[in-house]
Each structure stands twice: as structure tokens, then as C-alpha cells.
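What follows is a set of notes on a single structure, which appears directly below.
Only the coordinates and a few stated rules stand behind these numbers; no lab work does. Computed from a prediction, not measured in an experiment: that's the story for all the values here. No Cβ is skipped: glycine too gets one built from the backbone with ideal geometry, and neighbour counts run over all protein chains shown.
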Amino acid sequence: MIVMDRENIFARGWSHVLSTTNDLAELRAFAKRVGAPAAALHLGNRWVHLDLKLAPRDLALADPDVRVFERTSDMLRYLKTLQQPSTSGVNG
């Protein structure tokens, strides 16, 4: 699943876009779908991501399949919850 923040508070007019599974192929396909340039893709230490602005950002924000977070910190917190191992079914 693709997630993004509505706007990067440190760079107005820009948004971060990530794959919940850190899937490079998913991000590349999404970048192509919204018309983002190759330079938008960043291979970070922990999460690969897209930095989007202008028309590609607007298209991404309007995509019904994208989960948009108001704040970057909320998006990152959500991603961290997905990484935590499930404890369901464990007898304690």
C-alpha cells in the first residue's frame, strides 16, 4: 500500500510517499503512474521513498488508493506499527 504525508513541514509544497512494505518496484510503478521524475526516488537507509511536488504530488493526493496522513510523524508512526510483530495467539 502507498502512504504519503499531505505536506512536508520542512519543505512546503512537497510530500513524502512510501510503500508500507518498502517495496521499490511498487514505488517505481507509482512514480510512473503519477508522472514523477526519476530524481523523485530516494534510496534511504531505512525507507525508500518518493519526494513529490507539483502535478505528481497533486495526482498522488487525489488517488483513492493512497492513504494520506496530515503529518509526517503520523505516517511514520503508522509504518512502525506495521513492522511490530503480532502477539495474537501467544500465551503469556
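List of remarks:
- Label corresponding to Rg and Dmax of the Cα atoms in Å when calculated from the structure given, among (i) 11.9, 35; (ii) 14.1, 51; (iii) 14.1, 54: (ii)
- Entry note, the chain: the mean residue ellipticity at 222 nm calculated from DSSP H runs of n ≥ 4, each adding -39500 (n - 2.57), is -10500 deg cm²/dmol after division by the residues and rounding to the nearest 500.
- With both residues required to sit in the chain, DSSP beta bridges show an antiparallel share near 75%.
- In this structure, Asp63 and Asn22 have a Cβ-Cβ separation that, at R0 = 25 Å, corresponds to a calculated FRET efficiency of about 0.85.
- The fewest-to-most ranking of Ser19, Ser73 by surrounding Cβ atoms within 10 Å reads Ser73, Ser19.
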